[in-house]
Amino acid sequence: MTKYIFVTGGVTSSLGKGIISASLAKLLQARGYRVTIQKFDPYINIDPGTLNPYEHGECYVTEDGAETDLDLGHYERFLNTPTSQSNNITTGRIYQNVINREREGAFLGKTVQVVPHITDEIKRNFRILGENGQYDIVITEIGGTVGDIESLPFVEAVRQFKWEEGSNNAIVIHLTLIPYLAAAGELKTKPTQHSVKMLLEYGIQPDILVCRTEHHINQDIRKKIALFCNVNINAVVESIDASTIYDVPLLMLKEQLDKTVLAKLKLPTKNEPNLDSWKNFLGRLKNPTAEIQIGLVGKYVELPDAYKSIIEAFVHAGAKNECKVKVVTIQSGNLTPENAIDKLKGLCGVLVAPGFGERGFEGKIEAIRYVRENNIPFFGICLGMQCAVVEYGRNVLGLAEANSTEMNPQTAHPVISMMEDQKDVKNMGGTMRLGAYACDLKAGSKAAAIYGKTHISERHRHRYEFNNAYLKQYKEGGMSTSGMNPDNGLVEIVELKNHPFFVGAQFHPELKSTVADPHPLFVNFVAASLAYARKK
Ligand code: GLN
C-alpha cells in the first residue's frame, strides 16, 4: 500500500521545499524504498510552458514531453529516476479537467463547486502516481505558502486526504523559517508558531516541522517549538543553510528526518541508507584539483534559475572531472563585435544557451564567432546550436544573410527554419516539439566517441530546425551533422572537426544530467575546457 507525504511551506516562499522533498526522497530511496515526488502549483496557467523564464525560472521538460516546474529537475537529479506529466499539476489543470467534465454533463445537474468538485479532482491527482503499485511512498510538494488565497483548495484537499487515508498513511511536513535577529542576537520561533496556527485553522496538524535557519537551533528552541506547535521534539528538524544543495540529504540524515518519517508512517526503517556514491560525488565536488571559468551566454542571465539545469549539469560534470567550474554569465544582449573579445577573454569554454526570440541573438552569434576562430571549446544548446549553424553559414560558407526564420522570416538563406508540423500551430501552450526523441550518431564522430554508442535519446523543446536544404553545403563546408533523428532526418547534433570542441545540440542534454549520471556531453565539454586551460 502506497504511503503519502505532503510538504507544505510557511512564513515565506523560497525556503527550499523542493530540495527538502528531494533530499527526503533520496534518503528513503537509499534505504530501499521506491519513491517519487510530485509538485502541485497553485497558479492558473495549465503548465509553466508559456511563462517567461523571468517569471518562473527554467521550464523543465520530462521524457513524456510535459513542460513543468524546475523542481522536477531537482527530483530527477537527486533520485536519478524520470518524472512525467503526472508529477506536476497546476490549479489551471485541475480546473480545466473539472470544467471539461462539466461540459460533458458528468455532474448530472449538480452545482459545480470548489468543495467538493475541485478538491475531489485534486485528491484524485494526489493518488494517480500511487495507484499502480509502482511506488511505496509518494511525496507531494504543495507550491506557494500556506495562507495564500490561491493554495487554499490544495490545503483543504490535503486535510481531507489525510482524514481519508488515516494518520499512518498520510503525513504532513511543514517547512518554516526560524529567522535570526542580529540586534537581539536571537533565533525567533514566533513566525513558525503563527504559521502552524494557520495550518491548524485549516484543520491540519503538521506531523513534522522542518525549520530553515542560518544558525543551529539548540535543544531549548526545539522544545519550545515542539510544545507550542504540538509535535514531538524529534519531529522538529533543523535545516541549516548549506554550501551546496547536495549536502542537504546528509544534513537531513543527521537530523534523522527519514527515521522520523518512517516511524510516523509505520514503515520499517530497513537498512541504513546506502549513500556511498552520493558521498563520493560530494567528495569530488568539494575537493577539486583545478578550477576553470566557463561562460554561459544567454539573455536571461540576471535570473540564474532560468538556466537551473545547465548550472547543475556543470556541477555534476565538474565533480566528475574533479574540477570546479565557475560559470560566468554573459548577457548576450550586450555582446557586440567590438566588445566580444573583452567579455570572453579568459574563459576556457563557452556555452551558448537555449532561448526564444530576437533579443540577444546577434550577441550569441558574436560569441560563437569568437570561440570558433580562437579554438575555445564551444557547446551550443538548442537556440545555441541554431546560432552556431547561422554563424557558420555567414562567416565560413559565405551566406551573408544566413539566419533563422524565427529572427527573420524573409531571410534569403533560412538555414534554420520552422519545422513543417509547426507551421499550422495556433496555440502556444504545449505545442512545441517536446520530450524524448531518438537520435543516431555517426560512427567515428566526436558525438559517438563522447556517448560511447550510436543510438541515443534526448529531450527537446523547440519549433525550429536545421534546414536540410543546406545539408550538403554545410557538410562540404566542414560542419558535420553527426546526430540525426532516424525517423524524420532532423539534424540533432552539429560539430566541427578542426576544433578542440565545437558541438551544438538541438536537444537539451542538461535535462538528463543527474548526480549518479552526469551527462557525457557536459563531462566532455568540461574536460575539453580544462585541457584548454592547461594548454594556455
Ligand atoms: N527558439 C528556438 C526554437 O524554437 C530554440 C528553442 C530553445 O532553445 N529551447 O526552435
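The values are calculated or read from the model by the stated rules, or taken from the named source; none is laboratory data. None of these values were measured; they are calculated from a predicted model. Quick reminder, even Gly has a Cβ in these numbers, built from the backbone with ideal geometry, and neighbours come from all protein chains shown.
Here are the numbers:
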read-out: Of all residues in region 491-504 being within 16 Å of the ligand (Cβ to nearest atom) and under 14 Å from Ile368 (Cα atoms), the one that is surrounded by the most Cβ atoms within 10 Å (Cβ to Cβ); value: Gly504
read-out: Residue under evaluation Gln410, criteria (1) modelled with pLDDT of 95 or more; (2) within 16 Å of the ligand (Cβ to nearest atom); (3) assigned to a loop (DSSP other than H, G, I, E, B); (4) surrounded by fewer than 22 Cβ atoms within 10 Å (Cβ to Cβ), criterion not met; value: (2)
read-out: Selection status of Asp440, exposed (fewer than 15 other Cβ atoms within 10 Å of the Cβ), charged (D, E, K, R) and either touching a strand residue (DSSP E or B) at 6+ places or on another chain (Cβ under 7 Å) or assigned to a helix (DSSP H, G or I) (or both); value: no
read-out: Members of region 47-78 found to be among the β-branched types (Val, Ile, Thr) and modelled with pLDDT of 95 or more, listed by number; value: Val61, Thr62, Thr68
read-out: Total residues in region 11-28, condition farther than 15 Å from Asp41 by Cα and either crowded, with 24+ Cβ neighbours inside 10 Å or over 17 Å from the mean Cα position of the chain (by Cα) (or both); value: 10
read-out: Residue that is nearest to the ligand (Cβ to nearest atom), among those in region 414-426 that are of a type outside the set (S, T, N, Q) and surrounded by 20 or more Cβ atoms within 10 Å (Cβ to Cβ); value: Ile416
read-out: Pick from region 209-239, criterion surrounded by 14 or more Cβ atoms within 10 Å (Cβ to Cβ) and basic (Lys, Arg), ranking: farthest from Ile171 (Cα to Cα); value: Lys224
read-out: Residue match in region 400-407 (condition: at pLDDT 95 or above, closer than 24 Å to Glu58 by Cβ and away from the ligand (no atom under 12 Å from the Cβ)); value: no
read-out: Helices (runs of 4 or more DSSP H) contained in region 241-332 and holding at least 3 residues at pLDDT below 95; value: none
read-out: Test result for Ile376, near the ligand (Cβ under 10 Å from one of its atoms) and in contact (Cβ under 8 Å) with a residue 24 or more places away in the chain; value: no
read-out: Residue match in region 441-451 (condition: in contact with a Pro (Cβ under 9 Å, 6 or more places away or on another chain), under 24 Å from Thr336 (Cα atoms) and more than 16 Å from the ligand (Cβ to nearest atom)); value: no
read-out: 1 or more residues hydrophobic (A, V, I, L, M, F, W, C): qualifying helices (runs of 4 or more DSSP H) within region 1-115; value: 17-30, 71-79, 91-104
read-out: Unmet criterion (only one of (1) aliphatic (A, V, I, L, M); (2) more than 13 Å from the ligand (Cβ to nearest atom); (3) closer than 19 Å to Cys382 by Cα) for Val396; value: (3)
read-out: Residue within region 521-531 that is among the polar types (S, T, N, Q), more than 26 Å from Gln85 (Cβ to Cβ) and within 27 Å of the chain's Cα centre (by Cα) present; value: yes
read-out: Verdict on Leu351 being closer than 15 Å to Ser529 by Cα and either within 16 Å of the ligand (Cβ to nearest atom) or within 25 Å of the chain's Cα centre (by Cα) (or both); value: yes
read-out: Condition broken by Arg369, with the remaining ones in (1) away from the ligand (no atom under 16 Å from the Cβ); (2) assigned to a loop (DSSP other than H, G, I, E, B) satisfied; value: (2)
